[in-house]
Amino acid sequence: MKTTLRIGAGAGYAGDRIPPAVELAEKGQLHYLVFECLAERTIALAQLERSKDQDEGFDPMLVARMRAVLPSCLAQGTRIISNMGAANPLQAGHAVLAVARELGLPQVKVAVVMGDDVLATLTQSGMALPVLESTQTLGDLQAQLISANAYLGAEALLPALQSDAQVIITGRVADPALFLAPLMHHFGWAPDDWQSLGKGVLVGHLLECAAQITGGYFADPGYKDVPNMARLGFPLAEVSASGDAVITKVAGSGGCVTVATCTEQLLYEIENPARYLQPDVVADFSQVQLTQLGPDRVEVTGGSGHPRTDTLKVTLGYRDGFIGEGQMSYAGPGAQARGQLALDLVRQRLADAGYGEFEGRYDLIGVNAIFGQTTTSPHEPAEVRARVALRVPTQQQAQHVAHEVEALYLNGPAGGGGATRSVREVIAAAAVLMPRESVDTNTVLLNAEGH
Amino acid sequence: MLLRDIAHTRTGDKGNRSTLSVIAYDKNDFALLEQHLSAERVQAHFAGTVHGPVERYALPQLGALNFVMHNALGGGVTRSLALDAHGKCLSAHLLAFVIE
């Protein structure tokens, strides 16, 4: 058994950069390369794609990513794990095989983990479940519901890891579980070894946003400088059997791994650090210690865990009306006053058209679009951008809002320019908790013959 | 002195909540953070944007505070009408907090 497992992060979100993943695949000497590509509502959008074409609904960058890393990973025995299956993991698995055939790698086998799609189960028996952060039940959203996907845990990936597949494709899985699973598989951690599982979640949490721990989303010139940022490397962890780990990156890549970058990522999107709820364990980060061992090497110890809960979180995608938006710029002396006049005019015209009841935003970008009225400046800005956005029930109403802003050209203050307008359907996310025993998972193995 | 001189920050989003970490560059300054950055003062700094309540967690061994700001993201990232729906910019705004 390898005493240290080397796991790398090949993507931290659906649109992430590909060259750093190639660099990791080639030089990271990895056992596993994990691509985390599913945001909260990505599956709902993918489900809409699948409903138009049953061969779609998986990550649109899957083919490009596989083409870029498969040869190195196959040559070095690095296994790939990814949630790029999105709303159609099985078809994603076939797409991986198609890339392998195209690259002349017919020996590739893919394991597909399914069972996260619980829409049918919930439709039958879950409509009374309360929606989190809301007074509604799932039944109240039923007519608008697009998707319901349980966050699977690492346990669901173990059968795939026990197979000889080099690529493992999933739909919705808790992000850290994509990293915890190979650790459980390799070190033989029991599913109730809460301390080890907590440490594994910690490693996963630190890696799952890729460059956000190697100097990405960190630089602040003069305060937090990051070297060679244009060529930011992606991170890898060297994990010991105890679950303690060193976070690092490949030599020569850009960016930095420091206690400061690791602390920012450790607390990123964390609420109570002592209770980070995950499908496999309630992880405890409250006593974590970070130590700089050398350049771009940070040791992570002190992670822990507590028994898991009886429920799995399910993310729901539902239709929630449309947002109509328009923007227009004003510059030069009096820019802010003319921008404000533009907003006042659009507000009045929309009220006259019966839109006063809808939730809206009337911002001056450059003045108050981010923090509302909390910032004041004695200096008038050289330019401002007026922005109006309303959430309305229909596409037609959203178009009316956008047009009303554009019409400022001929009907608004002097000197407005650069109008843009947009209309988009709101696919909102919400969540329920469901009993974990109601979620059945299964694994399908595919080989080059496509079955 | 501004918070920016002694600490760095990062925000994340969870539903309609914004999580905000504040990390001392030098762990010796952690006591200053604990003393000045109460949950109430942080909420007041974001008046008009964060409707609260705000909770605070301390990780002294990391020189860090972690804030959970409720009702902070205009109904949540997926529904928000805000330009910065994730509240990513909130972290930078806290750096202007004055420590006297």
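The values are calculated or read from the model by the stated rules, or taken from the named source; none is laboratory data. All values derive from a computational prediction rather than experimental measurement. Heads up, the Cβs are rebuilt from the backbone with ideal geometry, glycines too, and the neighbour counts pull from every protein chain shown.
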*Just name the residue that is surrounded by the fewest Cβ atoms within 10 Å (Cβ to Cβ) out of those in segment A:64-90 that are outside any helix (DSSP H, G or I) and among the polar types (S, T, N, Q).*
A:THR78
*asked:* Looking at segment A:386-424 only, could you name the residues that are of a type in the set (D, E, K, R) and under 30 Å from the mean Cα position of the chain (by Cα)?
replied: A:ARG387, A:ARG391, A:ARG421, A:ARG424
*Which numbered condition trips up A:GLU299, out of (1) within 14 Å of chain B (Cβ to nearest Cβ); (2) under 28 Å from B:SER18 (Cβ atoms); (3) modelled with pLDDT of 95 or more; (4) surrounded by fewer than 22 Cβ atoms within 10 Å (Cβ to Cβ)?*
(2)
*In segment A:14-45, what residues are under 15 Å from A:VAL173 (Cβ atoms) and not hydrophobic (A, V, I, L, M, F, W, C)?*
A:TYR32, A:GLU36, A:GLU40, A:THR42
*Sort through A:GLY115, A:GLY93, A:GLY57 and tell me the only one that's surrounded by 20 or more Cβ atoms within 10 Å (Cβ to Cβ) and in contact with a helix residue (DSSP H, G or I) (Cβ under 9 Å, 6 or more places away or on another chain).*
A:GLY57
*asked:* Looking at segment B:78-100 only, could you name the residues that are over 11 Å from the mean Cα position of the chain (by Cα) and within 7 Å of chain A (Cβ to nearest Cβ)?
replied: B:THR78, B:ARG79, B:LEU81, B:ALA82, B:LEU83, B:ASP84
*Considering only segment A:139-162, state which residues are without any contact (Cβ under 8 Å) to a residue 60 or more places away in the chain and more than 18 Å from A:GLY200 (Cα to Cα).*
A:GLY139, A:ASP140, A:GLN142, A:ALA143, A:GLN162
*Is there a residue being at the interface with chain B (Cβ under 9 Å from one of its Cβ atoms), under 30 Å from A:PRO381 (Cα atoms) and touching a residue at least 60 places away in the same chain (Cβ under 8 Å) anywhere in segment A:306-329?*
yes
*Please go through segment A:145-159 and pick out each residue that is within 13 Å of A:PRO191 (Cβ to Cβ) and either of a type in the set (A, V, I, L, M) or modelled with pLDDT under 95 (or both).*
A:ALA154, A:ALA156, A:LEU157, A:LEU158
*Considering every residue within segment A:201-213, establish whether at least one is in contact with a strand residue (DSSP E or B) (Cβ under 8 Å, 6 or more places away or on another chain), in the same structural domain as A:ASP284 (by TED's automatic domain parsing) and on the phi > 0 side of the Ramachandran plot.*
yes
*Kindly indicate whether A:TYR355 is over 23 Å from B:HIS93 (Cβ atoms), in contact (Cβ under 8 Å) with a residue 40 or more places away in the chain and facing another protein chain (nearest Cβ under 10 Å).*
no
_Residues located in segment A:135-155, provided they are exposed (fewer than 15 other Cβ atoms within 10 Å of the Cβ) and part of a loop (DSSP other than H, G, I, E, B)_ = A:THR135, A:GLN136
*touching a residue at least 12 places away in the same chain (Cβ under 8 Å), within 14 Å of chain B (Cβ to nearest Cβ) and farther than 17 Å from A:VAL110 by Cα: does that describe A:ILE43?*
yes
*Considering each residue of segment A:131-144, count those that are within 14 Å of chain B (Cβ to nearest Cβ) and either of a type outside the set (S, T, N, Q) or in contact with a helix residue (DSSP H, G or I) (Cβ under 7 Å, 6 or more places away or on another chain) (or both), and give that number.*
4
*asked:* Restricting to segment B:39-50, count the residues that are more than 8 Å from every other protein chain (Cβ to nearest Cβ) and either over 13 Å from the mean Cα position of the chain (by Cα) or hydroxyl-bearing (Ser, Thr, Tyr) (or both).
replied: 0
*Kindly list the number of the only condition in (1) part of a helix (DSSP H, G or I); (2) within 12 Å of chain B (Cβ to nearest Cβ) that fails for A:ASP363.*
(1)
*asked:* So in segment A:415-442, with the set limited to residues that are β-branched (Val, Ile, Thr) and within 14 Å of another protein chain (Cβ to nearest Cβ), which one is farthest from A:ALA120 (Cα to Cα)?
replied: A:THR420
*asked:* I'd like to verify a number: residues in segment A:378-396 that are in contact with a strand residue (DSSP E or B) (Cβ under 9 Å, 6 or more places away or on another chain) and either assigned to a loop (DSSP other than H, G, I, E, B) or facing chain B (nearest Cβ under 10 Å) (or both), how many?
replied: 10
_Here's a check for you: in segment B:54-77, which residue that is among the polar types (S, T, N, Q) and touching a helix residue (DSSP H, G or I) at 6+ places or on another chain (Cβ under 9 Å) is surrounded by the fewest Cβ atoms within 10 Å (Cβ to Cβ)?_
B:GLN61
*Taking B:VAL50 as meeting all but one of (1) at pLDDT below 95; (2) touching a Gly at 6+ places or on another chain (Cβ under 8 Å), write down the number of the exception.*
(2)
*How many residues, within segment A:121-133, are assigned to a helix (DSSP H, G or I) and of a type in the set (Gly, Ala, Ser)?*
1
_Against the definition (closer than 21 Å to A:THR263 by Cβ and either modelled with pLDDT of 90 or more or among the acidic types (Asp, Glu) (or both)), how does B:LEU73 come out, yes or no?_
no
*Could you look through segment A:106-120, keep only residues that are of a type outside the set (Val, Ile, Thr) and in a loop (DSSP other than H, G, I, E, B), and pick out the one that is nearest to A:GLY171 (Cα to Cα)?*
A:ASP116
